[in-house]
Amino acid sequence: MKQLFLSILLASAALQLRAEDGHQLWLRPHTAVPVTVMAPAKSSALLATAKQELQQGWQGRAGATVTLTLNKDKTIKYDGFRLSAQGVQAATERGILYGVFELLRRQQTGQPAADEASNPSYEFRLLNHWDNPDGSVERGYAGKSIFWRKDSALVVTKRDKTLWQEYARANASVGINGSVLNNVNASPMILSAEYLGRVKAIADVLRPYGVRTYLSVKFSSPVLLGGLKTADPLDPAVIKWWQGKAKEIYQQVPDFGGFLVKASSEGQPGPQDYGRTHADGANMLADIVKPYGGLVMWRAFVYSPNDKDRAKQAYNEFIPLDGKFRDNVIIQAKNGPVDFQPREPFSPLFGALKKTAVMPEFQITQEYLGHAIDLAYLAPMWEECLQSDTYQAGPGSTVARCTNGSVYRQAHSAMAGVSNVGLDTNWCGNDFAQANWYAFGRLAWNSSAKSAQLAEEWLKLTFHNAAGAATQPANTAAWNTNFLAPVTQLMLASREAIVDYSMPLGLHHIMSATHGHYGPGPWWAPPGMRADWTPPYYHQAAANGVGFDRTKTGSDAVSQYHEPLASQFNDPATCPDAYLLWFHHLPWDFKMKSGRTLWDELALHYDHGVQQVRQFQRTWDQAQPYVDAERFGAVQAKLRTQSGNAVVWKDACLLYFQQFSHLPIQATVEPPMHTLETLIANDMPPRSPRPIRQP
Ligand code: GCW
């Protein structure tokens, strides 16, 4: 007896220790209250998962009975569900699982369970992993791939399976129902029999959580893997090769979701190599997966080095093809027209493609927003894009409504997020980066969700209550006042702070490529480098001013937007400050709406960003009594590094631009502590250590 007691004590101590290393994400264990679950007699892996989640997480009335009902109902769409006093009703098994997670989330965050239907805004809610077969992750800041490992394609270990299961569960808990397992810069190897074996193993683990498996494919796979002479999408031998491949995949993974394709883009092969169009390429693959119910997600991230304005190219290439795509093709467009910058106006493709399904692609991994070092809560950025009015079908045609099926009739709707997950113990490198995985799923489920509410939910689930304790609703007055309120504010301000200290007022793409797009590089232009990969192409700083002229007399990118936006963006007097230098090249003494000169306004933004991070440090330091030591220390260390690096950004950009403006930095701005020469010479800000899960 005594021994048993001791081992329980030890086990719970171990649980507590492990529980706060961030690995449990927003799903930290709770001591369950007894509950009886009535599920449909039909035995299925998904229903078993739902039942098990309820039993291990129930925090409602002890001894309650919860009924899970599979029932078609007019108010329920896709994998939606209805919560009621009796339990969860849904039309699909996935819907049951999502309803269960919602019920538990409400219990844990102290929200009442309303009797209403909850339907996903998008049919497909997908993570894109930029993971390579050798285990590296392009733009990954949280360690190596959870799916692939060098030289071990065939060996599936118990640890792999546990990790994939934890990953699938986290996805299911926020409604993500698909994962693209490999990089869009795809290796042809992924379609080899050897790798497909591992894809099957992954799919088998993801399936009981309702997560379907997808693959990125290289367009030239028939040549590179199949030994054919061509990958021309209209060539019968090529079509036959893809048909055979699809058959092989579906034999292994009967619910395989389909292909994601980056083609004729950034040096990747594509239909244009054979004089064919994006539609020819996408339709060929779409016809092949159609009989299996598969999708083709065809990326619109295309631009060539010769174009005068990279921001215009996707629109120019895809608009003439509107209506030419099969109904199981979705064009996947990044939120902005250039490339996941800290701030971009929405991509003009949204709403403009009217007879073709378009899906937004967001970047969860923080390529341009501070990697896993800087604290950047990205939901406000995604909300800003989703709620932007395109005016393409009258006022109120927001990006969300143009892509989720509300405005245009389209067979399918989807949203994708480039994942930030890796082998690090806390999955995302920075504990706060987990909030972006969480918020992405929740926004794909409900495109009108509010960032503030998602931040609060996530904070309650992630930081409230010691692990192992039965949950009290997260409403302790002191916790709410001293932790929840200030840390929510910190999160909500975090993305704007990065915009301010790196690329304010519509500046973009001025980072250095030397350190993988982390630090400043307004000067970065190695000899021979293609211009549209260098910052001077984007900021155009000169004695006469700064910014990219995209007005009607400039590159005319403004005309890709529907009125009244085209006119609004075209006139510096009406163009929002946030996009000013995106659309305009303006003199340094240009009079801003604030009455200040452009130069002074720019300096104030840079300084404000730095001061904001200092404020984040103070807020976090005050939060110490409410956070376990491990996560408190980890976040504190990251904020310190970010704070120093924010100063590097401010100093580098102000000193660099000052060479052209020849104007003094106003006295209210913190004076530079670096010289431009040392910043250029070092071109590498300090990095912070991150916890690594040992392989
Ligand atoms: O943002 C750029 C990245 C590349 C990426 C590319 C893309 C996967 O720097 O790393 O490649 O976009 O989205 O295809």
Those residues of the stretch 172-205 which are under 30 Å from residue 107 (Cα atoms) and part of a helix (DSSP H, G or I) amount to 172, 173, 205
If we scan the stretch 213-234, do we find a residue that is in contact (Cβ under 8 Å) with a residue 24 or more places away in the chain, of a type in the set (D, E, K, R) and surrounded by fewer than 20 Cβ atoms within 10 Å (Cβ to Cβ)? no
When you go through 531, 525 one by one, which is the residue that is free of Cβ contacts under 8 Å to residues at least 24 places away in the same chain and surrounded by fewer than 19 Cβ atoms within 10 Å (Cβ to Cβ)? 525
What single numbered condition from (1) within 16 Å of the ligand (Cβ to nearest atom); (2) assigned to a loop (DSSP other than H, G, I, E, B) fails to hold for residue 429? (1)
Do we have any residue at all in the stretch 506-520 that's within 16 Å of the ligand (Cβ to nearest atom), among the hydroxyl-bearing types (Ser, Thr, Tyr) and in contact with a His (Cβ under 8 Å, 6 or more places away or on another chain)? yes
Of everything in the stretch 28-86, what is under 28 Å from residue 463 (Cα atoms) and among the aromatic types (Phe, Trp, Tyr)? Give them in sequence order. 58, 81
Which count do you get for residues in the stretch 555-614 that are part of a helix (DSSP H, G or I), open to solvent by 40 Å² or more (accessible area, probe 1.4 Å) and small (Gly, Ala, Ser)? 2
Confirm whether residue 381 is part of a helix (DSSP H, G or I) and either assigned by TED's automatic domain parsing to the domain that holds residue 428 or within 16 Å of the ligand (Cβ to nearest atom) (or both). yes
From the list 141, 98, which residue is aromatic (Phe, Trp, Tyr) and within 16 Å of the ligand (Cβ to nearest atom)? 141
Can we say residue 286 is surrounded by fewer than 23 Cβ atoms within 10 Å (Cβ to Cβ), aliphatic (A, V, I, L, M) and under 19 Å from residue 123 (Cα atoms)? yes
If you check 274, 250, which single one turns out to be surrounded by 15 or more Cβ atoms within 10 Å (Cβ to Cβ), of a type in the set (Phe, Trp, Tyr), modelled with pLDDT of 95 or more and more than 30 Å from residue 531 (Cβ to Cβ)? 250
Of 267, 258, 227, which residue is over 28 Å from the mean Cα position of the chain (by Cα), in the same structural domain as residue 189 (by TED's automatic domain parsing) and on the phi > 0 side of the Ramachandran plot? 227
Condition check for residue 347: within 12 Å of the ligand (Cβ to nearest atom) and either under 30 Å from residue 537 (Cα atoms) or surrounded by fewer than 23 Cβ atoms within 10 Å (Cβ to Cβ) (or both): no
Within the stretch 81-130, how many residues are closer than 23 Å to residue 436 by Cα, of a type in the set (Val, Ile, Thr) and open to solvent by 10 Å² or more (accessible area, probe 1.4 Å)? 0
For the condition out of contact with any Leu (no Cβ under 8 Å at 6 or more places or on another chain) and among the acidic types (Asp, Glu), what is the one hit in 134, 115? 134
Test: residue 630 is at pLDDT below 95 and assigned to a helix (DSSP H, G or I): yes
Residue tally, condition touching a helix residue (DSSP H, G or I) at 6+ places or on another chain (Cβ under 7 Å) and closer than 23 Å to residue 308 by Cα, over the stretch 551-577: 13
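Per-residue answers, yes or no, for (1) polar (S, T, N, Q); (2) at pLDDT 95 or above; (3) touching an Asp or Glu at 6+ places or on another chain (Cβ under 9 Å):
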position	(1), (2), (3)
4	no, no, no
8	no, no, no
52	yes, yes, no
59	yes, no, no
If you go through the stretch 352-377, how many residues are within 14 Å of the ligand (Cβ to nearest atom) and either assigned to a loop (DSSP other than H, G, I, E, B) or β-branched (Val, Ile, Thr) (or both)? 7
Count of the stretch 31-67 residues which are open to solvent by less than 30 Å² (accessible area, probe 1.4 Å), in contact with a helix residue (DSSP H, G or I) (Cβ under 8 Å, 6 or more places away or on another chain) and not in a loop (DSSP other than H, G, I, E, B): 10
Return the residue satisfying two criteria in turn: it lies in the stretch 294-323 and is surrounded by fewer than 16 Cβ atoms within 10 Å (Cβ to Cβ) and of a type in the set (S, T, N, Q), and of such residues it is farthest from the chain's Cα centre (by Cα). 306
Can you report the number of residues in the stretch 175-207 which are more than 23 Å from residue 157 (Cβ to Cβ) and either open to solvent by 20 Å² or more (accessible area, probe 1.4 Å) or within 16 Å of the ligand (Cβ to nearest atom) (or both)? 4
What pairs can you find where one residue is in the stretch 559-573 and farther than 16 Å from residue 393 by Cβ and without any contact (Cβ under 8 Å) to a residue 24 or more places away in the chain, the other is acidic (Asp, Glu) and in a helix (DSSP H, G or I), and their Cβ atoms are less than 6 Å apart, with a gap of 6+ or different chains? none
Check the stretch 390-398 and report whether any residue there is away from the ligand (no atom under 16 Å from the Cβ) and either under 17 Å from the mean Cα position of the chain (by Cα) or closer than 19 Å to residue 442 by Cα (or both). yes
Sole miss for residue 306 among (1) at pLDDT below 95; (2) closer than 22 Å to residue 362 by Cβ; (3) not hydroxyl-bearing (Ser, Thr, Tyr) is condition (2)
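The values are calculated or read from the model by the stated rules, or taken from the named source; none is laboratory data. Please read these numbers as outputs of a predicted model, since none were measured by experiment. Cβ coordinates were reconstructed from backbone atoms using ideal geometry, including for glycine residues, and neighbour counts include every protein chain displayed. Heads up: the accessible areas ignore ligands, DNA and RNA and are worked out on the full protein's heavy atoms, side chains in. Shrake-Rupley method; radii C 1.70, N 1.55, O 1.52, S 1.80 Å.
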